[in-house]
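Working notes for the structure below.
The values are calculated or read from the model by the stated rules, or taken from the named source; none is laboratory data. These numbers were taken from a predicted model, which means no experiment stands behind them. Note that each Cβ is placed from the backbone with ideal geometry, even for glycine, and that neighbours are counted across all protein chains shown. For the accessible areas, the whole protein counts, side chains as well, though only heavy atoms, and no ligand, DNA or RNA atoms are used. Shrake-Rupley method; radii C 1.70, N 1.55, O 1.52, S 1.80 Å.
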Amino acid sequence: ALRSRSGRSIINGNWAIDRPGRYEGGGTMFTYRRPNEISSTAGESFLADGPTNEVLDVYMIHQQPNPGIHYEYIIPGDNVISPQLLAHRRPGEPLNGQLGMPESTSHEDEDLHRETDILTGQSAGTFPVIQPGRFPSHQPENQVPAMQPPRQNREHNWKQVGKTECTTTCGKGSQYPIFHCVNRVTHEEVPESYCDSSTKPIPEEEACNLFPCPAFWDIGEWSECSKTCGLGMQHRQILCRQIYANRTLTVQQYRCHHLEKPETTSTCQLKICSEWQIRTEWTSCSVPCGVGQRTRDVKCVSNLGDVVDDEECNMKLRPNDIENCDMGPCAKSWFLTEWSDRCSAECGDGIRTRSVVCMTNHVSSLPLEGCGNNRPSETTPCNNGPCAGKVEWFAGGWTQCSTECGSGTQQREVICVRKTEGNFDVLNPYECSYLEKPPSQQSCYLKPCGSKWFHTEWSTCSKSCEGGFRVREVRCLSDDMAASAQCDAQLKPEEKEPCNTQDCIPEIDENCKDKYYNCNVVVQARLCVYTYYKTACCASCTRVANRQSGFLGRR
């Protein structure tokens, strides 16, 4: 994790893990890389071109043995060489962490690169390494040096005849001098046994090919895809690197300008995302009346058409597979048809009829169950005017059936009459009592009715004045009193109508008066709820109560 000294988190702060990407902090832009932990053993890394303008702290939490932190940084400098080191400098030897460059070498490497390992706490390239035999050691005064054979008595001696091949072609390699035994006079090589092995010079390492190797792009591994399915993004780290002294160093990117920089981001797609499919239509409501539920089948289907776990699809886009449904109120009321249009008698007294049925829970009960004993009448009287006749039982023709369909009744007039010339006089029935009286009523059935509209009685008006409304329930029923959808919608009776549209006239009570002049204070203090104040300030408290009830009624 990366955090500033001021406490502001830059990467992986507040115990939250950030995605790989670019994050601003410390006056520069950090590229955060986290390789796939399954396919890569590389660790996490931060990379910034710099420079930073404040101190930044790096934090690490680990549950396994500490793997350590490796970091590199670049310090711009003028490559100043200490004069004290020049006196002891040998060709190709580092000075103050810097390699002496040939005069013909360009100064493009003027940036000094340093590299430090936290685990060892040592800085590479800070001080020159003094190798054995490089400088003469100081001997104590009381020690006598080993006697060497006189040089003039030697016929053969050791001679440098060349050097080994440089270990690298660039970036500072190493090579060693080659010594052979030769004749002092002819300089011809002879077997090494001719020379004293104790006097053979020890080959010392010498630097070679000091010019830097060409910079190159160091390409990291791709990060894991940002999405488990569908089109996502993945990132990788691209660094400009250069090899020097067997160490690979990070350098500024302009040194790789001669090379085409690889892409740092790429699209990726692990697989095609699954999608939601609605397999069935909505089921019927779970209840015949009231509020119930209905369902449908919703599945997560892969791009191959297979049903997979719901987690494979986006749960936020899942269609509903259950919802509420309202089938209307469950009524326990008498349902009536309209009165028949025709009177049972063409003249005199007759009747008109209608159908009456008790509906409980959508025709699930028998007649009269749950509706009480106040069954509405199925007949009502009607009169089409007086009739004429003669002295005898006179039976008129049967009227039309009281209903156009279904079971009904037919009526006919049976009277005792006395026939006169051209006229009939109606007599009292007892005048014809000795005669058998014909029936005056019979049942009839023309045809099945099909579906008809039934409705309940009107409810009580919602308000006593200033306009309210009343409602009734209307249903379409077939001949067997089952719910039907075959009724003519244009003939459907109204289910709601206005009522009591007259203005409200408050009742004036002569005994309701204010006994005090400051009853407005009682109203403002809301003391009208107490019996004493309600009586003492009757008029004021009553006006407030009427205003409140009127406001609630209008709502």
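Out of every Cα-Cα pair in segment 2-58, what percent are more than 20 Å apart?
On the way: 395 of 1596 pairs.
Tail of the P(r) past 20 Å holds 25 percent of the pairs.
Considering all alpha-carbon pairs of segment 157-282, what whole percent are spaced by more than 20 angstrom? Present the calculation step by step, with values, prior to reporting the outcome.
Details: 5454 of 7875 pairs.
Looking at segment 157-282, the distances longer than 20 Å represent 69 percent of pairs.
Could you work out the local net charge near Gly26, counting Lys and Arg as +1, Asp and Glu as -1, over the other residues with Cβ closer than 12 Å to its Cβ?
Working: positive: Arg3, Arg5, Arg8; negative: Glu24, Asp49, Glu54, Asp57.
Counting the neighbours of Gly26, the net charge comes to -1.
Under a 1.4 Å probe, what is the accessible area of segment 2-58 per residue, stated in Å²?
Working: 3830 Å² over 57 residues.
Per residue, segment 2-58 has an accessible area of 67 Å².
What number results when the radius of gyration of segment 390-446, computed over Cα atoms, is divided by 2.2 N^0.38 Å? Kindly include the intermediate steps, with their values, before the conclusion.
On the way: Rg = 13.9 Å, N = 57, 2.2 N^0.38 = 10.2 Å.
Output field value: 1.36.
Looking at the P(r) of segment 442-555, how many percent of alpha-carbon pairs lie beyond 24 Å? Write down the numbers at each step before the final one.
Values: 3644 of 6441 pairs.
For segment 442-555, the fraction of Cα-Cα distances above 24 Å is 57 percent.
Using a 1.4 Å probe on the protein heavy atoms, what percent of the accessible area of segment 164-208 belongs to carbon and sulfur? List each step's numbers first, then the result.
Working: 1450 of 2820 Å².
On segment 164-208, the fraction of accessible area on carbon and sulfur atoms equals 52 percent.
Which value, in Å², gives the accessible area per residue of segment 214-270 when a 1.4 Å probe is used on the protein heavy atoms? Intermediate values should be presented prior to the final figure.
On the way: 3430 Å² over 57 residues.
In whole numbers, segment 214-270 has 60 Å² accessible per residue.
Carbon-plus-sulfur fraction of the accessible area of segment 214-270, 1.4 Å probe, in percent?
Numbers: 1820 of 3430 Å².
Percent of accessible area from carbon and sulfur atoms in segment 214-270: 53.
Within 14 Å, Cβ to Cβ, of Arg318, how many net charges do the neighbouring residues add up to if Lys/Arg are +1 and Asp/Glu are -1? Walk me through the numbers on the way to the answer.
Numbers: positive: Arg279, Arg296, Lys299, Lys316; negative: Glu275, Asp297, Asp309, Asp310, Glu311, Glu312, Asp321, Glu323.
Cβ neighbours under 14 Å give a net charge of -4.
Find the Cα radius of gyration of segment 233-275, compare it with 2.2 N^0.38 Å by division, and give the number to two decimals. Could you put the intermediate results ahead of the total?
On the way: Rg = 16.4 Å, N = 43, 2.2 N^0.38 = 9.2 Å.
Rounded to two decimals, the normalised Rg is 1.79.
Send over a whole-number figure in Å² for the accessible area per residue of segment 452-499, probe 1.4 Å. Could you put the intermediate results ahead of the total?
Working: 2950 Å² over 48 residues.
Heavy-atom SASA per residue in segment 452-499 reads 61 Å².
Just reorder Thr52, Thr265, Thr501 by solvent-accessible area, largest first, 1.4 Å probe, all chains present.
On the way: Thr52 80, Thr265 60, Thr501 100 Å².
Ranking Thr52, Thr265, Thr501 by accessible area, largest first, yields Thr501, Thr52, Thr265.
Give the calculated FRET efficiency between Arg294 and Asn14 to the nearest 0.05, with a Förster radius of 45 Å applied to their Cβ-Cβ distance. All intermediate terms of the calculation are to be shown ahead of the outcome.
Numbers: r = 46 Å, r/R0 = 1.02.
Here the calculated transfer efficiency is 0.45.
Specify, per residue and in Å³, the volume enclosed by the convex hull of the alpha carbon atoms belonging to segment 452-499.
It comes to 64 Å³ per residue, whole-number rounded.
Could you give the semi-axes, largest first, of the ellipsoid that matches segment 148-210, computed as the square roots of 5 times the alpha carbon gyration tensor eigenvalues and rounded to whole Å?
So the equivalent ellipsoid measures 29, 12, 8 Å along its semi-axes.
Could you compute Rg(Cα) / (2.2 N^0.38 Å) for segment 274-327, with N its residue count?
Numbers: Rg = 13.6 Å, N = 54, 2.2 N^0.38 = 10.0 Å.
Computed over Cα atoms of segment 274-327, the ratio equals 1.35.
Can you give the net charge of the other residues whose Cβ lies under 15 Å from the Cβ of Ile178, counting K and R as +1 and D and E as -1?
Working: positive: Lys159, Lys163, Lys200; negative: Glu165, Glu189, Glu192, Glu204, Glu205, Glu206.
Taking every other residue near Ile178 into account, the sum is -3.
Per residue of segment 254-262, in order, report the coupling 6.51 cos²θ - 1.76 cosθ + 1.60 (Karplus, θ = phi - 60°) as ³J(HN,Hα) in whole Hz, putting x for Gly and Pro.
After applying 6.51 cos²θ - 1.76 cosθ + 1.60, I find 5, 6, 9, 5, 6, 10, 6, 6, x Hz.
Rank these by accessible area, largest first, 1.4 Å probe: His70, His156.
Working: His70 115, His156 30 Å².
The most accessible residue leads, giving His70, His156.
Ranked from highest to lowest mean number of other Cβ atoms within 10 Å per residue, what is the order of the peptides 396-407, 14-25, 455-466, 484-495? All intermediate terms of the calculation are to be shown ahead of the outcome.
Working: 396-407: 18.0, 14-25: 12.8, 455-466: 14.5, 484-495: 10.8.
Packing proxy ranking, top to bottom: 396-407, 455-466, 14-25, 484-495.
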